[in-house]
Each structure stands twice: as structure tokens, then as C-alpha cells.
Amino acid sequence: MAAPVFIGDEVTAAGYRLAGARALTPRHSTVAKTFATALDDAQLIFITAAFAAELPDGVLDDAVRAADPLVLVVPDAVNDVLPPDLDAEVARTLGIEP
């Protein structure tokens, strides 16, 4: 099994490297290219919310829906940009939000 791929900042990447992931820390101008390459090579991708925000509209949504590879949006080490609250999104979609 191939190692998971992490895409994000250098500080957070250090932790993912320790956990055995292949950590990529692209410049913001190359995040989309790095993500596209990871989609072709990896079975599991972790991308920080800040770097996911750099992707063109629809790219992340399409990748998450495809679920091959599995793509997870994670917070970075300092929580600058938080990932979406999936519980709230599901509740809102189902019409059961408080």
C-alpha cells in the first residue's frame, strides 16, 4: 500500500512525515498541480483547509465525491483555516438543523 499524501504547510507536514505520510509543501501557485498529481498517485490524501481553499472552484468537491482516492480536508497545526463542519452540513442538507 502506498503511503498517504499530505499537502499543506511545513509545520503541519512535519507531523504527517513522522506518521509515515509523504508530505508535500507546495507554493500557493502550484497547489492545484500538486493536488492533481496526488490524485493520480495516492490512495489517501490529506490537505489542509488553507491549501484546499487555493484550489480552483469545484476541484475539491469533485475529488471528494469521486472518493478514489479518499480526500480529507484537515486543519493545520495552528488552526488558521478550519475545515468545513461536516455534521452541520449534513444536518442542513437533511433539513434538521436546530
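Just a few scattered comments:
- If you go through segment 2-39 and keep only what is open to solvent by 20 Å² or more (accessible area, probe 1.4 Å) and closer than 14 Å to LEU70 by Cβ, you end up with ALA2, ALA3, PRO4, LEU39.
- Extreme residue, farthest from VAL11 (Cα to Cα), among residues of segment 40-58 that are open to solvent by less than 50 Å² (accessible area, probe 1.4 Å) and in a helix (DSSP H, G or I): ALA52
- For segment 59-74, the set of residues classified as part of a loop (DSSP other than H, G, I, E, B) and open to solvent by 70 Å² or more (accessible area, probe 1.4 Å) consists of ASP68 only.
- Residue list for segment 79-96, filter: in a loop (DSSP other than H, G, I, E, B) and either open to solvent by less than 100 Å² (accessible area, probe 1.4 Å) or at pLDDT 75 or above (or both): ASN79, VAL81, PRO83, PRO84, ASP85, GLY95, ILE96
- Within segment 6-24, residues that are under 19 Å from GLN43 (Cα atoms) and without any contact (Cβ under 8 Å) to a residue 24 or more places away in the chain sit with their Cβ atoms under 9 Å from residues that are open to solvent by 40 Å² or more (accessible area, probe 1.4 Å) and among the β-branched types (Val, Ile, Thr), at 6+ positions apart or across chains, in these pairs: ALA13/THR25; LEU24/THR37.
- For segment 1-48, the set of residues classified as within 23 Å of ASP80 (Cβ to Cβ) and of a type in the set (Asp, Glu) consists of ASP9, GLU10, listed by residue number.
The values are calculated or read from the model by the stated rules, or taken from the named source; none is laboratory data. Please read all numbers here as calculations on a predicted model, not as lab measurements. Heads up, the Cβs are rebuilt from the backbone with ideal geometry, glycines too, and the neighbour counts pull from every protein chain shown. When the accessible area is computed, the model is the full protein with side chains, heavy atoms only, and any ligands, DNA or RNA have been set aside. Shrake-Rupley method; radii C 1.70, N 1.55, O 1.52, S 1.80 Å.
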